[in-house]
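*Asks:* This is the structure I want to talk about, given as structure tokens.
The values are calculated or read from the model by the stated rules, or taken from the named source; none is laboratory data. Bear in mind the structure is a predicted one, so any value in this text is a computation, not a measurement. Cβ placement follows ideal geometry from the backbone for every residue including glycine, while neighbour counts extend to all protein chains displayed.
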Amino acid sequence: MNTYGQFFKVTLFGESHQPEIGVVVEGVPAGTVIDMTLIEQDLKKRRPGAVGTTARVEADHFRVTAGIFQGRATGSPLHLVIENTDTRSKDYQHLLKQPRPGHADYVASIKYGGFHDHRGGGRFSGRLTAALVMAGSLAKMFLPYTFETELIKVGTLTDMSSLDQYLEGIKAKGESVGGIVKLSVKGIPVGIGEPFFQKLDAEIAKMMFSIPAVKGVSFGLGFEGVERLGSDFNDVFSDSDGTTLSNHSGGVSGGLSNGNDLVLKVFVKPTSSIQKTQETYDFETKTLKPLSIGGRHDVAIVRRAGIVLENALAIVLADLTLIARATKIEKPISVPQNL
């Protein structure tokens with residue numbers, strides 16, 4: 001429900017407009033140097049400020065209240081919190097009777113019988129991804145991998161040098177737009193992943209789809225491989241070290257890392273909350289009425305999503321890497337011939 005992982009365990013708490021959000025992280029190896037600067041830098045990458053991002057600007061000052069002694073992980077759970085300071089709860093009162101199209105307002109009210117905190121999207125808000133970023137920062141502190149993240153498409157735009165101008169045009173229409181982020185990880189050894197139900201790509205996909213606004217995940221060629229024949233799609237081996245001539249599968253074979261770079265693409269949908277008025281159902285009057293959402297929302301949430309996706313990926317790799325280390329077979333077990 002609110003916890004992910006077995007050996008590297010992450011538990012999120014808090015909601016968009018409550019006093020604090022945060023995360024409890026278990027499994028950081030004792031003695032790991034805790035780099036506070038890395039956490040700060042990663043949170044900064046997520047913060048708004050660029051064209052097309054929300055006017056809600058949280059300082060994201062965090063506190064670590066447990067799990068660290070003399071700058072290193074103690075081996076016990078780490079507890080990290082961030083205060084919510086820039087909230088405007090009144091902006092959401094009218095949405096109780098007229099839930100936003102594309103958002104979780106309606107389904108949450110049904111599931112929780114109206115007892116949920118609807119302000120700012122509550123538990124379904126992208127605000128919770130700040131806590132996810134902190135957990136991923138901790139994971140990267142002990143993982144020997146190199147992460148690369150790139151925004152490759154926003155709406156119809158592929159030239160990111162024109163992104164500001166493009167988003168200004170979208171904003172002027174009162175609209176929002178989605179995009180695609182490409183993630184690559186170098187240095188992953190062969191064999192990370194636990195088939196059948198904890199395959200590397202399956203766990204990554206599960207984590208990515210847990211992030212608000214993610215609607216698509218593909219590995220390697222992904223859907224582009226639909227036009228390839230098997231002989232063209234296959235990653236052919238070229239030597240005894242398992243080197244392949246291509247990486248169409250994105251670094252995953254049979255649910256296990258295969259020694260190639262892990263490569264995936266993630267589609268983040270257009271922000272549901274837009275400034276453009278929409279005709280949608282009013283549950284109080286039981287009629288279709290215009291809805292003006294108001295509030296402060298991103299034109300392109302994908303612009304801030306890269307670090308969230310990267311650090312969420314790090315969480316998955318941390319858990320599966322620790323599992324692989326714990327279950328590694330040093331040498332094949334010999335079986336008596338008479339059995």
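*Asks:* Of the numbered conditions (1) within 30 Å of Ile39 (Cβ to Cβ); (2) touching a residue at least 12 places away in the same chain (Cβ under 8 Å), Gln98 fails exactly one; give the number of that condition.
*Replies:* Single failed check for Gln98: (1).
*Asks:* What do you reckon, is Ala312 buried (at least 19 other Cβ atoms within 10 Å of the Cβ), under 19 Å from Thr53 (Cα atoms) and modelled with pLDDT of 95 or more?
*Replies:* The answer is no for Ala312.
*Asks:* Ok, one more. If you go through the stretch 33-53, how many residues are more than 21 Å from Ile170 (Cα to Cα) and either over 17 Å from the mean Cα position of the chain (by Cα) or small (Gly, Ala, Ser) (or both)?
*Replies:* 7
*Asks:* Quick check on the stretch 51-69: of everything there that is assigned to a strand (DSSP E or B) and touching a residue at least 24 places away in the same chain (Cβ under 8 Å), which residue is nearest to Ala131 (Cα to Cα)?
*Replies:* My answer is Phe62.
This table checks each residue for (1) surrounded by fewer than 17 Cβ atoms within 10 Å (Cβ to Cβ); (2) within 22 Å of Gly178 (Cβ to Cβ).
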| position | (1), (2) |
| --- | --- |
| Gly216 | yes, yes |
| Arg228 | yes, no |
| Asp235 | no, no |
| Asp239 | yes, no |
| Gly251 | no, no |
| Gly254 | yes, no |
| Ser257 | no, no |
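*Asks:* Determine the pairs where a residue that is closer than 18 Å to Phe69 by Cα, located within the stretch 33-50, has a partner that is among the basic types (Lys, Arg) and outside any helix (DSSP H, G or I) with Cβ atoms under 7 Å apart, the partner being 6 or more residues away or on another chain.
*Replies:* Val33/Arg72; Ile34/Arg72
*Asks:* While we're on this one: Here are Val308, Val316, Val266: which of them is part of a strand (DSSP E or B), within 21 Å of the chain's Cα centre (by Cα) and over 20 Å from Lys90 (Cα atoms)? Quick ask: steps written out before the conclusion?
*Replies:* Numbers: Val308 fails: part of a strand (DSSP E or B); Val316 fails: part of a strand (DSSP E or B).
Answer to the check: Val266.
*Asks:* Having 3 or more residues that are among the polar types (S, T, N, Q) and either touching a helix residue (DSSP H, G or I) at 6+ places or on another chain (Cβ under 7 Å) or in contact (Cβ under 8 Å) with a residue 40 or more places away in the chain (or both) is the bar; report the helices (runs of 4 or more DSSP H) wholly within the stretch 127-235 that clear it.
*Replies:* none
*Asks:* Which members of the stretch 269-305 meet the condition of being modelled with pLDDT of 95 or more, under 21 Å from Lys153 (Cα atoms), among the charged types (D, E, K, R) and outside any helix (DSSP H, G or I)?
*Replies:* Of everything in the stretch 269-305, just one residue is modelled with pLDDT of 95 or more, under 21 Å from Lys153 (Cα atoms), among the charged types (D, E, K, R) and outside any helix (DSSP H, G or I), namely Lys269.
*Asks:* Further question: Can we say Val252 is touching a Phe, Trp or Tyr at 6+ places or on another chain (Cβ under 9 Å) and modelled with pLDDT of 95 or more?
*Replies:* Yes, satisfied.
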